[in-house]
Amino acid sequence: MTNAFKSGSGDGELRRYPHLFIGGEWVAPADGGMVESIDPATGRPWAAVAFGGPKDIDRAVQAARDAFEGPWRRMPGWERAAILRRLAELYREFAPEMAVLETRDSGRAIRETRADIGAHHQWYHWFASLADKLSGRTIPIDDSVHCFTTRVPVGVVGAITPWNAPMLTTAWKLAPALAAGCTVVLKPAEQTPVTALELARLAHEAGVPPGVLNVVPGYGHDTGARLVAHPGVNKIAFTGEGSTAKVILRNGADTLKRFSFELGGKSPHIIFKDADLEQAVNAATSSAWSVCGQSCALGSRVLVERPVYDWVVAAFAERAAKVRVGLPLDEATHMGPQAHGEQLAKTLSYIDIGQQEGARLVTGGRRLDAGDLGDGYFVEPTVFANVSNDMRIAREEIFGPVASIIPFDGEDEAVALANDTSYGLAAGLWTGDTGRAHRVSARIEAGIVWVNTYRFIRWSTPYGGFKASGWGRENGIEALDNYLETRTTVISTTGRFPDAYAQ
Ligand code: ADP
């Protein structure tokens, strides 16, 4: 195997990834090329990465299909599990370095990537434990037939991931897909291609057979689009924007493949006046600003009951002053830059829109470009008060560190506001009243509702959207449904079949 990885040894030297990973080998792109990956903290390239084109996707899909038809789908579940467990352990060992690489690529603060990536091995372990338990059921009918179902892998999966949490969203797809017996072509986001190639190396070392995981970095409009349209791909697992999902659906329509989508959110974080307000503000501020606001699960609409509204707004302003925005590899940094220049421009434009719509800018709102931060994509943690739910800053996903705080009166209005959105990914509510916790959570239209906590997500907790937030669930046993077909078998115990034309 060619050594695909060379570290840059000095300032200004690029870390080089000259190969794609296809069919268990490191290969040069057939119709792609080398593309520089930008460090969002400096605005300068830090790595040079091979991007594949449509021909490379064709090669990767062929390799994935060969592997699927070959050993992988027929391998007993416990053997697939053993390979996944080896991958989990290699991933655990490499996690500290993977965290640094993800921080370089995405700009996310090292304290966040370390905690996040430090847990990813759990996904591979947990789904490994399910790989030999993919049983169907028997369906009682009568003595004349024996009827049962079998769960079979859907086939070749195209996994398309975003730039905000590249390795987490990959684990959410790869672990259940491999456990189910599928093979995968992974196309990471063009802004964050590096970690997927490192993952390919780990998978190879763990003994994942050639072709079972293929990694082809590339752009969405050609490389991603070819993966979506390819007739040899049985399923697309996608995390990203709703507008991209619609394009993917159209491009994939001709082949009627399967789709699962984890899309955006504008999640309500509801604070009732009877809540433990300190805890609620801990959760609401961190969920507004972590990942620099670039996570679909964040509670970007903070709904606050009117008697405690001013107190909560003041507490947000106080916390914002404590957020250390800085270079993402600095251990002290709470919040790094936005992941790319376009996203920074989008966030700043929404901050303008909020002011034009008449919301009150309580704090933040500016790009930070002094000193070390000069060339990066840094922005202040931002708080808007007096937001009404019909403003664009309350309806559209900003994906920046911007909290929109909206007042409400009573439970019914809280629920109405929470549900008055096209999205339905997640919601949080804070209350000291157990009855209210049950009543309100049951009325919320979202795939996950957190009560007196927020962003609690594990390998075992199903996660996905109602409404425009997506199709299907990742994580939990439900995630396997994305990668399995159900075959129903009906066996006659008599072998007798009436002649329909006898009379
Ligand atoms: P984000 O705003 O989070 O980048 P996108 O939806 O633009 O969300 O991108 C998520 C992923 O989708 C990326 O890997 C990107 O390359 C890919 N992508 C973008 N456009 C397409 C497309 N037309 N077909 C397939 N993949 C695409």
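The values are calculated or read from the model by the stated rules, or taken from the named source; none is laboratory data. All of these numbers come straight from a predicted model, not from anything done at the bench. Positions of Cβ are backbone-derived with ideal geometry, glycine not excepted, and every protein chain shown enters the neighbour counts. The area values use the complete protein model at the heavy-atom level, side chains included, leaving out ligands, DNA and RNA. Shrake-Rupley method; radii C 1.70, N 1.55, O 1.52, S 1.80 Å.
In this view, the solvent-accessible surface of Arg487, computed with a 1.4 Å probe and all protein chains in place, comes to about 120 Å².
Beta bridges assigned by DSSP with both partners in the chain are antiparallel in approximately 45 percent of cases. Helices in the chain, meaning DSSP H runs of at least 4 residues, each add -39500 (n - 2.57). Divided by all residues, the mean residue ellipticity at 222 nm is -10500 deg cm²/dmol. Accessible area per residue (1.4 Å probe, heavy atoms of protein chains only) ranks Met34, Met75, Met98 as Met34, Met75, Met98, with the largest value leading. Can you say what percent of the DSSP beta bridges in the stretch 268-451, counting only those with both residues inside, are antiparallel? Round to 5. Looking only at bridges with both residues in the stretch 268-451, the antiparallel portion is about 20 percent. Amide H to amide H, with H built 1.01 Å from N, Phe408 comes under 5 Å of Val304, Glu305, Arg306, counting only residues 5 or more places away or on other chains.
Computed over protein heavy atoms with a 1.4 angstrom probe, the accessible surface ordering of Ile236, Ile141, Ile491, largest first, is Ile141, Ile491, Ile236.
Would you work out if the chain is rounded, prolate or oblate? Take a ≥ b ≥ c from the square roots of the eigenvalues of the alpha-carbon gyration tensor; rounded if a/c is under 1.5, else prolate when a/b is larger than b/c, oblate otherwise. It is oblate, given that a/c is not under 1.5 and a/b is not larger than b/c. Relative to the longest principal axis of the Cα atoms of the chain, the long axis of helix 194-206 makes an angle of roughly 40 degrees. Modelled label positions at Arg44 and Phe148, each set 7 Å beyond Cα in the direction of Cβ, lie 6.4 nm from each other. Classified by the C-alpha gyration tensor, the stretch 188-278 has an oblate form. Its axis ratio a/c, with a ≥ b ≥ c, is 1.5 or above, and a/b does not exceed b/c. Each of Leu484, Leu256 has its accessible area taken with a 1.4 Å probe; listed largest first, they run Leu256, Leu484. Per residue, the solvent-accessible area of the stretch 163-238 (1.4 Å probe, heavy atoms of protein chains only, all protein chains present) comes to 18 Å². In terms of its Cα atoms, the stretch 208-332 spans 57, 35, 27 Å along the principal axes, sorted from long to short. Remark: the stretch 428-438, residue by residue, has Karplus-estimated 3J(HN,Hα) of x, 9, 10, 7, x, 9, 4, x, 5, 4, 6 Hz, where x stands for each Gly or Pro and the curve is 6.51 cos²θ - 1.76 cosθ + 1.60 at θ = phi - 60°. Residues in the stretch 268-451 average 38 Å² of solvent-accessible surface per residue, probe 1.4 Å, ligands and nucleic acids excluded. With a 1.4 Å probe and all protein chains left in place, how much of the accessible area of the stretch 268-451 comes from carbon and sulfur atoms, in whole percent? Carbon and sulfur atoms account for 47 percent of the accessible area of the stretch 268-451.
Using a/c under 1.5 as the rounded threshold, could you call the stretch 1-158 rounded, prolate or oblate? The axes a ≥ b ≥ c are square roots of the C-alpha gyration tensor eigenvalues, and prolate needs a/b larger than b/c, oblate otherwise. Cα axes put the stretch 1-158 in the prolate bin. Between the helical axis of 77-106 and the longest alpha-carbon principal axis of the chain there is an angle of about 30 degrees.
Enumerate the amide H contacts of Val379 below 5 Å, restricted to partners 5 or more residues apart or on another chain; note that Pro and chain-start residues carry no placed amide H. Counting only residues 5 or more places away or on other chains, the set is Gln338, Leu368.
Multiplying each eigenvalue of the alpha-carbon gyration tensor of the stretch 379-488 by 5 and taking the square root yields semi-axes of 28, 18, 14 Å, largest first, rounded to whole angstroms. Measuring nothing but how far apart in sequence close Cα pairs (under 8 Å, 6+ apart) lie, relative to its length, the chain scores a relative contact order of 17 percent.
Backbone amide hydrogens, once placed in the peptide plane, bring Val35 within less than 5 Å of Val49, Ala50, Phe51, excluding anything fewer than 5 places away on its chain.
Using every pair of separate Cα atoms, the Kirkwood estimate puts the hydrodynamic radius of the stretch 268-451 at 16.4 angstrom.
Across the stretch 1-147, the mean sequence separation of Cα contacts (distance under 8 Å, 6 or more residues apart), normalised by length, yields a relative contact order of 18 percent.
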